[in-house]
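In what follows, a single structure is set out as structure tokens and then discussed.
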Amino acid sequence: MLDAEKLREDFPLLRESKVIYFDNACTTQKPKQVVDAIVEYYTKYAACAGRSLHKLATKTTEEFEKAREKVAKFINAKKSKEIVWTKNTTEAINLVANSFKFEKGDKVLTTNLEHSSGLLPWQRLAKKGVISLDFVLCNKEGELSIEDFEDKIDEKTKLVSVIFASNVTGTVSPLKEIIKIAHENGALVLADGAQAAPHFPVDVRKLDLDFMGFSAHKMVGPTGIGCLYGKEDLLRELSPFILGGETIKDADLRSYEPEDIPHRLEGGIQNYAGAIGFGAAVDYLTKIGMKNIEDYEKELAKLLIEGLLEVPNLALIGPKDWRKKNALVSFNIKGIEPQDLAIMLDENNIAVRSGMHCAYPFHKFIGENKGSVRASLYFYNTKEEIGIFIEKLKEIAKTLG
Amino acid sequence: MVICIVALVVFSVLGIFSMRWREIAKEAFDCVYRMATFRPCITKLDQRIKSRLTAKLMKRAPALARFTYRYFKALSWIFTIVFFATMFYSAYGIYNLVVYGSCEPGSPTCGIDQAMSVISCYETQIVYGIILVLFIVFLYFGYRYLKFKE
Ligand SMILES: Cc1ncc(COP(=O)(O)O)c(C=O)c1O
């Protein structure tokens, strides 16, 4: 079983400060191992990968590609070339939106539960008339129904872009079933894995998933690096929208010969330190075991939700059954604005997020126009922290609610 | 929003001593500037003041915290009016002092009574000095702000 107290020792910020950090859906803390890997790159072998032939460059290339292998293995991709480095999940989704060869009349199906990163790229394409955009609407608890996907996916549907785990309700989409229906209808599936990959084991081959984006910084890795997973043949089909150094094998004045994937989709000098840090983050999580993380987070979710349900005047967003959720909960307390509540918690050294969490349509859909407060936990959070959090909330709710 | 006016004055003075307060004074200026141009304040400074104050009060006086949170807007107005009324009377006293050589012309002494006269004269002079400094700081931030906006 996972020992959160022991693992916290690896996180300088958690060790040295008294903060109760419950804003992990936004970004996570970084363990020493990740910081060390980045520092090592900058202090011991900083150079370009792929281009130069000197020893430093060779070492950088090795570590950079090793990181790609680690990330590929982490989600059980077939080959490391199925991992394309991006800045983050947002860029991964935008990469597909801008590189996928859509034809006029193609439909993209998405949901009203999406993060802005999984919605706006499609909105833009729809406004340009490149695609038609359709939506599956979740219920008020944020749950997506398979029947709705069955109804909406048709022969015109080229791509289903769906959030894997919600950053507002903490619910996990029935991705396997969605993929099955999509594939039966000749459509591909792109999953927004930002809140999935960090929290439970993801096996892209078992899922038969076509594309998935996720960010390192939400899984103890550095900011500024993420990736797009794509099946090899599908990545080859993408038409790169950023061209330049590293993306070609040869060029003359009027034409060029593109590199193989993934490099053809990674224009310019890459974030080597970030990728190496991402590799170290994946090592760290793998050592703990994603199944252990999932189990422990379920325990946290149970404690958190049961505790929240005892807070007077508290309205939980999403299902009340902890079994249906990750350790991520959004809520409001009657009579207190979400921002006010977040600031009051911050005064008590508890870091949570408030606002729309980049999910405007969903908040509007459930009538929470001012947004909500979100507590999102990770494996280094403890049961004791949850206890303090709940007590503080009760105190605030009783005093002001 | 109205509390931003007081915040601007207070934090401008504190800003002389620390960068941290200067940043808040800048936010307050932004808020006041927007108010003056009939736009909503977007810095959320008033919200932060309200919430932090409530959280601090909650530890010692929950009833007062509840009262502050519920009636923050009304309290802000009262506080702002009292603040500016005090400023006005101080300025009035200074004006009298400069023009007539006494804070209270007609009164045989400068202050409320004989014993207090020296103190109250000193006080008004200090207030006069503070207002001057505030005015300079206000102009400085205003200038910097407008330069930044260009
Ligand atoms: C579900 C979901 N998708 C996408 C994103 C965007 O991630 P990034 O900012 O790393 O691109 C987030 C970030 O909060 C998220 O929660």
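The values are calculated or read from the model by the stated rules, or taken from the named source; none is laboratory data. Keep in mind it's a predicted model, so treat the numbers as computed, not measured. Positions of Cβ are generated from backbone atoms using ideal geometry, with glycine treated the same way; all protein chains shown enter the neighbour counts. Each accessible area value is taken on the protein alone, full model and side chains, heavy atoms only, with ligands, DNA and RNA left out. Shrake-Rupley method; radii C 1.70, N 1.55, O 1.52, S 1.80 Å.
Surface burial for B against A, with a 1.4 Å probe and both sides summed, reaches about 1400 Å² of accessible area. Multiplying the residue separation of residue A:241 and residue A:78 by 0.36 nm and subtracting their alpha-carbon distance yields 56.2 nm. Site pair residue B:98 and residue A:42 shows an inter-label distance of 5.4 nm when each label is modelled 7 Å from Cα along Cα→Cβ. Normalising the average separation of contacting C-alpha pairs (under 8 angstrom, six or more residues apart) by the number of residues puts the relative contact order of the stretch A:190-235 at 36 percent.
Per residue, how much accessible area does the protein assembly as shown have with a 1.4 Å probe, in Å²?
Per residue, the protein assembly as shown has an accessible area of 48 Å².
What the pair-distance distribution of the stretch A:151-258 shows, using all Cα-Cα distances binned every 5 Å from zero, is 2, 10, 18, 19, 16, 13, 10, 7, 3, 1, 0 percent. The stretch A:269-289 and the stretch B:1-68 have Cα centres separated by 42 Å.
Measuring against 31 Å, Cα to Cα, the residue pairs A:152/A:287; A:180/A:325; A:30/B:50; A:140/A:291; A:78/A:287; A:78/A:127 contain A:152/A:287; A:30/B:50; A:78/A:127 as the ones spanning a longer distance.
Using a probe of 1.4 Å on the protein chains alone, the accessible area found for residue B:137 is around 20 Å².
Note on the protein assembly as shown: with neighbouring protein chains present and a 1.4 Å probe, carbon and sulfur make up 59 percent of its accessible heavy-atom surface. Anisotropy class assigned to the stretch A:26-175 is prolate, per the alpha carbon gyration tensor with a/c at or over the 1.5 cut-off and a/b larger than b/c.
For a test of the definition: using alpha carbon positions, the gyration tensor, and the 1.5 limit on a/c, classify the stretch A:246-401 as rounded, prolate or oblate. Verdict is prolate for the stretch A:246-401. Surface calculation, 1.4 Å probe, protein heavy atoms: residue A:61 sits at approximately 40 Å² accessible. Averaged over peptide A:336-344, the number of partner chain Cβ atoms lying within 10 Å of each residue's Cβ comes to 5. Residues of the stretch B:41-65 that bury at least 30 Å² of accessible area when the other protein chains are present, relative to the chain alone (probe 1.4 Å, heavy atoms, ligands and nucleic acids excluded): B:47, B:51, B:52, B:55, B:58, B:59.
Summing Cβ point charges (Lys, Arg +1; Asp, Glu -1) relative to the Cα centre of the protein assembly as shown gives a dipole of roughly 880 debye. Of all beta bridges that DSSP places with both ends in chain A, some 55 percent have antiparallel geometry. Label-to-label distance for residue A:59 and residue A:116 is 4.1 nm, based on points extended 7 Å past Cα in the beta-carbon direction.
I'd like the mean, over residues of A:393-401, of how many other protein chain beta carbons sit within 10 Å of each residue's own Cβ.
3
Need one value: the accessible area of residue B:71 in square angstrom, 1.4 angstrom probe, rounded to the nearest 10. Its accessible surface works out to 110 Å², give or take rounding.
Shape class for the stretch A:321-401, computed from the alpha carbon gyration tensor (a ≥ b ≥ c): oblate, with a/c not under 1.5 and a/b at or below b/c. Here is the size of the stretch A:33-287 from its Cα atoms: Rg then Dmax, 18.5, 58 Å.
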